[in-house]
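Undergrad: What follows is a structure written as C-alpha cells; I'll ask about it next.
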Amino acid sequence: MWEKAQSDGKIDYAMQYYEIVKTLIHGVYFTWEKYEYERGWIDSIAEEGEDLLEYKMFQVGVVSRVNGLLQAMIHENLFDMFRNGHETNEMLIRIYSDLLSNMNSGAIKLDKYNLQSL
C-alpha cells in the first residue's frame, strides 16, 4: 500500500488509511481482552514495544466507537484493495457485531470510562 501511495503521490491517503486500520486493530485488542483469549492479555497480540496509550484512549466510549467501526465496515469494505479483503471485512463485521451485542446486553462488563459518551 505504501509503495502504491508513493508512486501515486497519495501519501496523505495512506496515512489516513493507516490510522483507520490502527483503530480497527484496537477493536480487535478490546475483543481479545474482554473475551479473555490467552487470559485477556493483549501483550500476546500487540506488536513488541507498541505504545498502548492509543488503545487505552480507544476504550473511552468504546460502545460508540465499536458501533461506528461496525457501521463503517458495513457501508464500505476497507480491505477491498487486498486479496481476501472481502473475507477480512466480513470477519470483522461478525466480531464487532458480537462484541457490540455482548456489551449492550451486559454480558461484557464495562467500567465508567468504557461507558462515557464521545
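Undergrad: Are any of the residues in the range 51-68 surrounded by 12 or more Cβ atoms within 10 Å (Cβ to Cβ), part of a helix (DSSP H, G or I), out of contact with any Gly (no Cβ under 9 Å at 6 or more places or on another chain) and among the polar types (S, T, N, Q)?
TA: So far as the range 51-68 goes, yes, one or more of its residues are surrounded by 12 or more Cβ atoms within 10 Å (Cβ to Cβ), part of a helix (DSSP H, G or I), out of contact with any Gly (no Cβ under 9 Å at 6 or more places or on another chain) and among the polar types (S, T, N, Q).
Undergrad: Which of the residues spanning the range 37-58 are out of contact with any Phe, Trp or Tyr (no Cβ under 6 Å at 6 or more places or on another chain), within 20 Å of residue 109 (Cβ to Cβ) and touching a residue at least 24 places away in the same chain (Cβ under 8 Å)?
TA: Matches in the range 37-58: 58 only.
Undergrad: Looking only at the range 24-49, how many residues end up being surrounded by 15 or more Cβ atoms within 10 Å (Cβ to Cβ) and either assigned to a loop (DSSP other than H, G, I, E, B) or among the hydroxyl-bearing types (Ser, Thr, Tyr) (or both)?
TA: Residues flagged as surrounded by 15 or more Cβ atoms within 10 Å (Cβ to Cβ) and either assigned to a loop (DSSP other than H, G, I, E, B) or among the hydroxyl-bearing types (Ser, Thr, Tyr) (or both) within the range 24-49 amount to 3.
Undergrad: For the range 19-49, how many residues are at pLDDT 80 or above and farther than 19 Å from residue 74 by Cα? Can you show your working first?
TA: Keep residues of the range 19-49 that are at pLDDT 80 or above, which gives 19-37.
Okay, now just the ones that are also farther than 19 Å from residue 74 by Cα, so 29-30, 32-37.
Of the residues in the range 19-49, 8 are at pLDDT 80 or above and farther than 19 Å from residue 74 by Cα.
Undergrad: Can you work out which of the residues in the range 83-102 that are free of Cβ contacts under 8 Å to residues at least 60 places away in the same chain and of a type in the set (A, V, I, L, M, F, W, C) is farthest from residue 56 (Cα to Cα)?
TA: This residue is 91.
Undergrad: Report every pair of residues separated by at least 6 positions or lying on different chains whose Cβ atoms are under 8 Å apart, first residue within the range 68-82 and farther than 13 Å from residue 24 by Cβ, second not in a helix (DSSP H, G or I).
TA: Pairs that qualify, where the first residue is farther than 13 Å from residue 24 by Cβ and the partner is not in a helix (DSSP H, G or I), are 81/1.
Undergrad: Oh, and also: Please find, among 108, 95, the residue that is under 16 Å from the mean Cα position of the chain (by Cα), of a type outside the set (D, E, K, R) and either at pLDDT 95 or above or surrounded by 17 or more Cβ atoms within 10 Å (Cβ to Cβ) (or both).
TA: On the way: 108 fails: under 16 Å from the mean Cα position of the chain (by Cα).
None of the other options fit; the residue is 95.
Undergrad: Scan the range 69-88 for residues that are exposed (fewer than 14 other Cβ atoms within 10 Å of the Cβ), farther than 29 Å from residue 109 by Cβ and among the polar types (S, T, N, Q) and report the count.
TA: Number of matching residues: 1.
Undergrad: Test residue 74 against the criterion of being of a type in the set (Val, Ile, Thr) and over 26 Å from residue 41 (Cβ atoms), and give yes or no.
TA: Spelling it out, residue 74 is indeed of a type in the set (Val, Ile, Thr) and over 26 Å from residue 41 (Cβ atoms).
Undergrad: Shifting gears a bit: How many residues, within the range 69-82, are over 18 Å from residue 56 (Cα atoms) and outside any loop (DSSP other than H, G, I, E, B)?
TA: Step one: of the range 69-82, the residues over 18 Å from residue 56 (Cα atoms) are 70-82.
With outside any loop (DSSP other than H, G, I, E, B) added as a condition, the list becomes 70-75.
Selection size over the range 69-82: 6.
The values are calculated or read from the model by the stated rules, or taken from the named source; none is laboratory data. Small disclaimer: the values here were computed from a predicted structure and weren't measured. Cβ atoms come from the backbone with ideal geometry, glycine included; neighbour counts cover every protein chain shown.
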